[in-house]
Amino acid sequence: MLAEKSGAAGRNLSVYHARGSGTCGAHPADKRSQMFQAVGGVLCLVLGGFLALYPTRRYAEHRYVVDAAACRLELLMVSRADLAADPDTGAVVLFHGIAANRIIMLYLARAFAELGLRVFVPDLPGHGRSPGPFTPASAESCSASLLRGLAARGMLLPNRTILAGHSMGAAIALRVAGKFRPAGVIAISPAPMRAGHGVASENLLFHTLPLLTPNTLVMVGQFEPAGLKENAADLARSPTGSVVFLEIPRNTHVSMLFSPAVAREAQEWAARVLSLPDHPRLPSRAFLLACLLGIIGLLLIGGPFLREMLGNKGNEDFESTEPVPVIRGVLEVALFSVVAVEILRHVPPLRVLRLFQGDYLASFFLVVGLGLILLHGTAARNGFRAQPRVFLGAAVAALLLHFLLTGWFELTATGAWLNFARWARFPLFAVSAFLYLYGIEIVAGPVVDGYRRYAFWFLLLTLAWLPLVFGVLYFGTGEFLPVLLSPFFVLQALLAGLGIQLVRRQSGAAPVAALFGAILLAGFCLVLFPLS
């Protein structure tokens, strides 16, 4: 018996040394490298902050809380700081898309402001800082109420107003224009409103086409999904005969929001419709570089920060099982993901979260995670032998990184700061994300070969995600928003995975790494999904 225990200890110790032993006792060269890395990160953040704030001096931004009928909306008004606001000059009301917010629309808002126009950008119900509940119908009715309220207060004149929007917001602009009768409409990548061209009825936000008003411009990007482009092109066949359709080269659905070509076309259209000078400058896009610098800076700081938070836990190894064979792990994750999609077609357990299609994703995490954990029950129980201070360090580190990331995005590119209603949903979402990531961590096994393990971990996430995609495309589940947001989830997984990998290596405990990742994943999802 003594010989067996000694052999196990030897195996655990060898795995521990394969991981490395943290910052304490590290070679002086490693410490210097981490110090230079942290300094580089701080410099990136300082430069990024300057690039984000300096161009904003040209614009005046005022924030309001508007009660429009039964809707309470956060509203941003943007104008040129050196020009006096005058309703007779004209105005633009700019609507964002689903899972977006008013801040992500700022580049286009500033482009319109360069014409001397006042630009009103609301957070639609359940988005950004506006309270829910969100439904497509409530977003449309609240938008119409907002327009009536702004007109009644003399803040804009309908015949001197352009309605504009992106994606869902473009569809809303087209739909409310018939009653508001604006001077013109600019629809950027409008969400389909009729089944066809590969778009299924259950994946539509709106199911009827509006009668388009004169002076309507519809723009799409070259690299957008074919179904969206073709449905948008159908709008140009409106019987009004005054709808112009443009395809903007080298643009995707999201890049349209930051495209100088889109901004220039929008400026020229608004200038022509409102009889304004049509040679304004384009706003600066330095905020995009600032956002990128901030991400790089936080990544550089993240490594030394996590090592300091977790420290050296000694030669104690909390890994308790042998790695799961690759083929077996792949089959397990794929099987439980398919089962989860089938179960959720009938019984979505986390509807209580009240997130538009985000409660479906949380339920998916819950079912897949529980399945994997129950299958590997012994390993799951043994993983909690890590010291409580290790869990606390990982949780605090994840929360601090969440605040840093969301604060930086709020400063540069998009609204990401959670309000109280979103924080209230955080604990339950984090639990479901923890179970999911804990199951993935068990299957991925201990960190021995970092690069291969990271690739295998990401492969497991991809295999888990594919049934969601097939469920929308082929089984008609109607839960399209997680699929629509897939590129953002890929980016989040790639970046957060680096931190999860490091936490797993430093702590030697799968649940510690899962806790760290779950806090980041829950915060990320609560930024994106509308409140319902």
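Against the definition (surrounded by fewer than 19 Cβ atoms within 10 Å (Cβ to Cβ) and either outside any helix (DSSP H, G or I) or over 13 Å from the mean Cα position of the chain (by Cα) (or both)), how does Val503 come out, yes or no? Criteria not met by Val503.
Determine if the range 135-150 includes at least one residue that is touching a Ser or Thr at 6+ places or on another chain (Cβ under 6 Å) and of a type in the set (Gly, Ala, Ser). No: the range 135-150 contains no residue that is touching a Ser or Thr at 6+ places or on another chain (Cβ under 6 Å) and of a type in the set (Gly, Ala, Ser). If I filter the range 269-284 for residues that are out of contact with any strand residue (DSSP E or B) (no Cβ under 7 Å at 6 or more places or on another chain), surrounded by 15 or more Cβ atoms within 10 Å (Cβ to Cβ), without any contact (Cβ under 8 Å) to a residue 60 or more places away in the chain and part of a loop (DSSP other than H, G, I, E, B), do I get at least one hit? No, the conditions are met nowhere in the range 269-284.
Considering only residues that are in a strand (DSSP E or B), modelled with pLDDT under 95 and of a type in the set (A, V, I, L, M), which ones fall in the range 164-200?
Within the range 164-200, just Val199 meets the criteria.
One line per residue, one yes/no per condition, for (1) small (Gly, Ala, Ser); (2) at pLDDT below 95; (3) more than 13 Å from Ile519 (Cβ to Cβ); (4) touching a Pro at 6+ places or on another chain (Cβ under 7 Å):
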| residue | (1), (2), (3), (4) |
| --- | --- |
| Gly383 | yes, yes, yes, yes |
| Pro388 | no, yes, yes, no |
| Phe391 | no, yes, no, no |
| Leu405 | no, no, no, no |
| Arg422 | no, no, yes, no |
| Phe429 | no, no, no, no |
| Leu437 | no, no, no, no |
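Residue pairs whose Cβ atoms lie under 6 Å apart, separated by 6 or more positions or on different chains, with the first residue in the range 128-145 and aromatic (Phe, Trp, Tyr) and the second in a loop (DSSP other than H, G, I, E, B) and modelled with pLDDT of 95 or more, are Phe134/Pro125; Phe134/Gly126; Phe134/Phe356; Phe134/Pro530.
Here is the figure for the range 201-230: residues that are within 22 Å of Met105 (Cβ to Cβ), in contact with a Lys or Arg (Cβ under 9 Å, 6 or more places away or on another chain) and either part of a loop (DSSP other than H, G, I, E, B) or modelled with pLDDT under 95 (or both) total 6.
Yes/no matrix, rows are residues, columns are (1) under 18 Å from the mean Cα position of the chain (by Cα); (2) in a loop (DSSP other than H, G, I, E, B); (3) without any contact (Cβ under 8 Å) to a residue 24 or more places away in the chain; (4) within 30 Å of Ser532 (Cα to Cα):
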residue	(1), (2), (3), (4)
Gly369	no, no, no, yes
Ala380	no, no, no, no
Leu399	yes, no, no, yes
Val447	no, yes, no, no
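Against the test of being farther than 23 Å from Trp408 by Cβ, in contact with a helix residue (DSSP H, G or I) (Cβ under 9 Å, 6 or more places away or on another chain), outside any helix (DSSP H, G or I) and modelled with pLDDT of 95 or more, the options Glu316, Glu332, Glu247 yield a single qualifying residue, Glu247.
Scanning the range 429-481 for residues that are under 21 Å from Leu502 (Cβ atoms) and among the small types (Gly, Ala, Ser) turns up Ala430, Ala433, Gly439, Ala444, Gly445, Gly450, Ala455.
With a requirement of 1 or more residues that are in contact with a strand residue (DSSP E or B) (Cβ under 9 Å, 6 or more places away or on another chain) and crowded, with 21+ Cβ neighbours inside 10 Å, the strands (runs of 3 or more DSSP E) lying completely within the range 31-124 that satisfy it span 71-80, 91-95, 118-122.
The values are calculated or read from the model by the stated rules, or taken from the named source; none is laboratory data. Here the structure is a predicted model, which is why all the values come from computation and not from measurement. Using ideal geometry, Cβ is built from the backbone for each residue, glycine included, and neighbour counts are taken over all protein chains shown.
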